[in-house]
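**Q** Handing you a structure now.
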């Protein structure tokens with residue numbers, strides 16, 4: 001081709017002025033319209049009863065009575081207003097503030113709840129029970145995501161949370177039955193989780209095997225192993241091997257009678273209290289202590305840590321092991337708190353939800369805790385709504401936790417930054 | 001701890017069968033600036049990593065104050081009073097300055113709880129003493145590289161280093177920052193700290209060193225006083241006489257055929273990494289683009305080639321708009337392009353030298369007909385180019401990735417110069433190339449100019465810019481600070497590289 005024969009193109013190729021992504025305003029707008037139309041105009045005409053305190057509580061708070069259709073319209077307009085604000089900001093070239101999608105989500109979920117309850121056969125729900133149940137279901141997720149935080153902060157991707165939970169659940173049931181003490185079962189679960197983690201640590205740190213692959217393989221291995229032992233050992237000899245009994249609920253006097261907060265914070269088993277302690281301790285440890293500074297340095301820039309005399313691979317090994325122990329305790333919750341026996345694959349994918357909670361919580365213990373609560377809420381909503389009998393098919397309700405996970409991780413997180421060296425093995429030199 | 005005398009005796013370090021260091025003897029007297037001079041890949045950094053405990057020597061002994069020591073890790077080296085500032089900073093970007101300084105030697109209260117106030121106080125003390133102006137609570141990733149380097153020095157000083165190893169410390173600095181660093185080194189020396197200064201830049205070495213040890217191919221060639229001439233030192237580095245000046249004829253610029261107007265490249269975060277740049281280059285002229293690394297050079301050249309997204313403005317060659325054309329079209333329009341990182345963009349490492357030489361023409365006559373390639377023609381072409389460009393390779397069939405840096409660069413250059421060109425762009429044409437090859441590559445670039453091609457050189461090495469340029473354009477934060485003629489004083493160029501316009505006013 002001859003370069004001189006072509007005439008120059010006119011001027012410059014223009015690009016539109018820079019705008020922030022319109023993903024948020026657009027999705028808020030669509031959701032608000034859906035809420036207004038389906039929850040409002042096409043909404044059910046029953047009145048939804050939202051009970052705040054239970055019959056036995058010391059302080060009685062009257063229940064919220066919300067008429068279905070009117071409530072739906074009010075919520076729909078409120079949501080539209082928020083979406084409009086977001087779109088307005090977008091036209092001004094500004095991003096929506098962080099609180100906006102969160103507030104939107106809260107109102108939307110509440111509107112959804114009213115719509116479903118008002119359309120149910122039995123239009124009444126206990127908010128206190130809903131929240132308390134959410135926390136209970138969130139406990140294994142919290143332990144699992146804390147395990148993920150500890151591993152990823154130090155630079156090892158822990159896909160094996162599922163396997164650690166499952167290993168913990170199985171060991172807890174087995175050991176608690178054989179020793180007759182759920183508390184010994186709890187300790188054994190931690191050891192089992194740590195053992196699963198050590199395999200991950202040895203293969204990914206010492207032998208530099210791809211961490212994702214080791215994690216996936218471990219999940220399959222633990223599932224197969226516990227499934228086999230369950231079938232050959234536990235099913236024929238249930239009395240001997242699979243009747244662990246439960247961890248006692250230890251209510252704290254007076255405090256446990258506070259409406260809503262009481263049963264959540266002060267009416268837990270030892271595992272529930274351990275969860276709150278673990279979140280606080282891991283947060284404090286990571287961000288306020290020498291240990292945490294070194295852990296984070298190893299996860300962000302292992303070479304820098306090495307040049308300062310920190311043993312990168314030992315730090316990684318022990319953190320991953322500790323993470324496994326914590327996930328193991330989470331697994332014990334399945335067999336010592338939620339139900340009192342082990343069944344095959346009892347963790348049912350919760351380990352992967354914990355992984356999502358860790359990302360949604362931005363690799364921060366408190367964030368992971370809150371994200372786990374959200375997913376726990378989705379699980380609990382699914383089961384409670386099944387009980388009160390909603391017109392929504394149960395298969396769709398069963399999808400709820402996973403839908404929430406996908407939207408939370410894909411939509412609202414935006415660009416969060418994992419530890420820089422996460423997933424990358426460290427080789428000297 | 002007092003003063004420290006450091007001695008290396010017969011140090012060897014082998015990686016497999018390759019000896020990066022062989023039988024090296026070195027004595028660093030206390031209170032001296034001792035320079036290790038050598039080309040890239042001569043084994044300077046390996047030697048210092050041995051000294052710092054990161055590598056275990058294959059043979060030899062390290063003596064501190066005449067006592068043999070055995071460093072099992074950097075912790076031992078630090079305890080012996082040795083500190084190191086690495087070429088690639090060992091700082092955690094998301095940590096604050098104080099956290100980085102504290103890391104590994106954290107002052108703590110009961111139970112391992114960090115007490116950062118102590119670290120902050122120490123940083124302020126050192127910062128005031130040497131005029132560093134470093135805020136202990138700033139996030140490291142927000143700091144300019146010059147300041148990050150000071151954080152590295154503070155890290156060593158907080159650990160009471162008596163011997164400070166600086167590994168190629170000026171590679172990332174502007175000339176002004178370099179001068180400041182040299183001052184800091186003199187201050188540290190006055191305070192009793194000895195410094196091992198690793199560099200391949202003769203000017204700096206001559207400016208601060210007390211003793212110069214030259215290393216070539218893993219061996220000590222000899223010591224030289226700082227009064228030795230640059231040519232002498234360069235010859236010691238390379239192992240044969242080198243001429244350092246190019247002696248090129250003055251440019252004979254003709255018609256202006258390459259015009260860039262208001263070129264802007266927007267990055268993913270919404271900032272303009274190239275911001276409204278306009279310049280032109282005439283046939284038979286070299287325009288050198290100077291600037292500290294990361295000021296938009298990469299994006300500028302890639303925008304011209306057509307591999308950048310979100311580009312606005314206009315780039316015309318011989319009156320034809322290049323912007324918006326596919327890369328292949330741009331190359332077919334007669335653009336020769338040497339990318340800044342040959343191992344990433346310039347070569348396919350596992351491919352043979354012969355194949356790499358036709359990467360741009362493999363699908364055209366005479367190297368192909370229809371869907372088949374003609375290996376005989378490719379081999380013939382390779383033979384000619386290997387001879388013409390003096391490419392030192394075992395054979396035309398050897399994998400390009402196995403060649404030395406200089407020879408790899410010759411392969412890239414040979415390929416790009418073997419088409420009839422209307423424009424030649426070379427980014428970092430001699431980065432990581434030995435002094436001998438630099439001479440050759442520079443001559444080829446000037447030869448291309450002399451046949452009447454507009455040439456654009458992008459280099460972060462000011463020496464290279466001054467050597468080659470007929471005109472010099474300086475980039476700072478994506479903006480063009482100015483275009484000045486060749487012969488503009490170094491100091492002016494240095495200021496421009498820091499964003500100060502040629503007339504003295506700040507352009508920031």
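Bear in mind these aren't lab numbers, they're just calculated from the coordinates by the rules spelled out. Just so we're clear, the structure is a prediction, and the values are computed from it rather than from any experiment. Here the Cβ is made from the backbone with ideal geometry for all residues, glycine too, and neighbour counts use every protein chain on show.
**Q** Each label point is 7 Å from the Cα along the Cα-to-Cβ direction; what then is the distance between the points at residue B:280 and residue B:138, in nm?
**A** According to this spin-label approximation, the distance is 4.2 nm.
**Q** So, by mean Cβ neighbours within 10 angstrom, what's the order for A:370-379, B:316-325, B:376-385 with the highest one leading?
**A** A:370-379, B:316-325, B:376-385
**Q** Nearest 10 degrees is fine. How inclined is helix B:116-130 to the longest principal axis of chain B, computing both from alpha carbons?
**A** The two axes meet at around 70 degrees.
**Q** A further question on this structure: Can you give me the Rg/Rh ratio for the range B:324-403, using Cα atoms for both radii and the Kirkwood formula for Rh?
**A** 0.98
**Q** Here's something else I'd like to know. Give me Rg/Rg_expected for the range A:23-119, where Rg uses Cα atoms only and Rg_expected = 2.2 N^0.38 Å with N residues.
**A** 1.25
**Q** In nm, to one decimal, how far is the residue A:45 label point from the residue A:99 one, both placed 7 Å along Cα→Cβ?
**A** 3.9 nm
**Q** Express in whole angstrom the spacing between the alpha-carbon centres of the range B:101-144 and the range B:154-181.
**A** Computed from Cα coordinates, the inter-centre distance equals 17 Å.
**Q** Compute from the Cα atoms of the range B:246-334 the Rg and the Dmax, the latter being the longest Cα-Cα distance, and quote both in angstrom.
**A** Both quantities, over Cα of the range B:246-334: 14.0, 45 Å.
**Q** Step by step: find N for the range A:114-236, compute 2.2 N^0.38 Å, then divide the Cα radius of gyration by it. What's the final number?
**A** Working it through for the range A:114-236, the quotient is 1.35.
**Q** At 0.36 nm per residue, and after removing the present C-alpha to C-alpha distance, how many nm does the segment from residue B:240 to residue B:9 gain when stretched out fully?
**A** On the way: separation 231, 0.36 × 231 = 83.16 nm, distance 2.70 nm.
Contour length minus Cα-Cα distance gives 80.5 nm.
**Q** Provide the three semi-axes, in whole Å and in decreasing order, of the ellipsoid equivalent to chain A as defined by the square roots of 5 times the Cα gyration tensor eigenvalues.
**A** Equivalent ellipsoid semi-axes, largest first: 38, 36, 19 Å.
**Q** Right, something else. Any chance you could give the angle, 0 to 90 degrees and rounded to 10, that helix B:145-158 forms with the longest Cα principal axis of chain B?
**A** 20 degrees
**Q** On a 0 to 90° scale, report how tilted helix B:175-190 is relative to the longest principal axis of chain B, with both axes built from alpha carbons and the result rounded to the nearest 10.
**A** Approximately 20 degrees, to the nearest ten.
**Q** Of the DSSP beta bridges with both residues in chain A, give the percent that are antiparallel, rounding to the nearest 5.
**A** 70 percent
**Q** Taking the number of other C-beta atoms within 10 Å as the exposure measure, put B:129, A:51 in order starting with the fewest.
**A** Numbers: B:129 11, A:51 17.
Placing the least packed residue first, the sequence is B:129, A:51.
**Q** Please report the spacing between the Cα centers of the range B:211-269 and the range A:362-392 in Å, no decimals.
**A** Cα centroid to Cα centroid, the span is 64 Å.
**Q** If you don't mind, there's one more thing I want to ask. If you take every DSSP beta bridge whose two residues both sit in the protein assembly as shown, what share of them, in percent to the nearest 5, is antiparallel?
**A** 60 percent
**Q** Looking at chain A as a GNM with Cα springs under 10 Å, which of A:61, A:156, A:333 has the largest mean-square fluctuation?
**A** Between A:61, A:156, A:333, it is A:61 that shows the largest mean-square fluctuation.
**Q** Next question, about the same structure. For every helix of n ≥ 4 consecutive DSSP H residues, a contribution of -39,500 (n - 2.57) applies; sum these over the protein assembly as shown, divide by its total residues, and give [θ] at 222 nm rounded to the nearest 500 deg cm²/dmol.
**A** Computed mean residue ellipticity for the protein assembly as shown: -14000 deg cm²/dmol.
**Q** Remind me, what semi-axes does the range B:171-261 give for its equivalent ellipsoid, largest first in whole Å, using sqrt of 5 times each Cα gyration tensor eigenvalue?
**A** Working: eigenvalues 220, 93, 25 Å².
Those come to 33, 22, 11 Å.
**Q** While we're here: Within 10 Å, count the other beta carbons around each residue, average over each peptide in B:454-466, A:308-320, B:135-147, and list them highest first.
**A** Output ranking for B:454-466, A:308-320, B:135-147: B:454-466, A:308-320, B:135-147.
**Q** Evaluate peptide B:173-185: per residue, the Cβ atoms of other protein chains within 10 Å of its Cβ; return the mean as an integer.
**A** Other-chain Cβ atoms within 10 Å of each residue's Cβ, averaged: 0.
**Q** Averaged over peptide B:319-326, how many Cβ atoms belonging to another chain are found within 10 Å of each residue's Cβ?
**A** 4
**Q** Additional query: Quick check on chain B: of the DSSP beta bridges with both residues there, what percent are antiparallel, nearest 5%?
**A** 60 percent
**Q** If you project the alpha carbons of the range A:194-251 onto their three principal axes, what span does each projection cover, largest first, in Å?
**A** Extents along the principal axes: 43, 36, 14 Å.
**Q** Along each of its three principal axes, how wide is the spread of alpha-carbon positions in the range A:140-372, in whole angstrom units, largest first?
**A** 55, 46, 27
**Q** For the range B:378-500, compute Rh as the Kirkwood radius over C-alpha pairs and then the Stokes-Einstein diffusion coefficient at 37 °C and 0.692 mPa s; write the answer in µm²/s, rounded to an integer.
**A** Here the translational diffusion coefficient equals 207 µm²/s.
**Q** Then there is this: Can you pull the semi-axes for the protein assembly as shown, root of five times each eigenvalue of the Cα gyration tensor, sorted largest first, whole Å?
**A** 60, 38, 27
**Q** Subtracting the Cα-Cα distance from 0.36 nm times the residue separation, let me have the gained length for residue A:406 to residue A:240 in nm, one decimal. Mind dumping the intermediate values first?
**A** On the way: separation 166, 0.36 × 166 = 59.76 nm, distance 4.12 nm.
Stretched fully, the residue A:406-residue A:240 segment lengthens by 55.6 nm.
**Q** Related question: What spacing in nm lies between the two simple spin-label points modelled at residue B:176 and residue A:179, each 7 Å away from Cα in the Cβ direction?
**A** My value for the distance between the label points is 6.8 nm.
**Q** Measure out, as a whole number of angstrom, how far apart the alpha-carbon centroids of the range B:41-58 and the range B:425-477 sit.
**A** 32 Å
**Q** Also: Give the order of A:66, B:82 when sorted by the count of other beta carbons within 10 angstrom, beginning with the fewest.
**A** A:66, B:82
**Q** Per residue, how big is the convex hull around the C-alpha atoms of the range A:181-225? Give it to me in cubic angstrom, could you?
**A** For the range A:181-225, the hull spanned by Cα atoms encloses 63 Å³ per residue.
**Q** On the Cα set of the range B:226-285, report Rg and Dmax in Å, please.
**A** 20.7, 50
**Q** Find the all-direction average of the projected area of the Cα convex hull for chain B, expressing the result in square nanometres with one decimal place.
**A** Approximately 26.4 nm², given one-decimal rounding.
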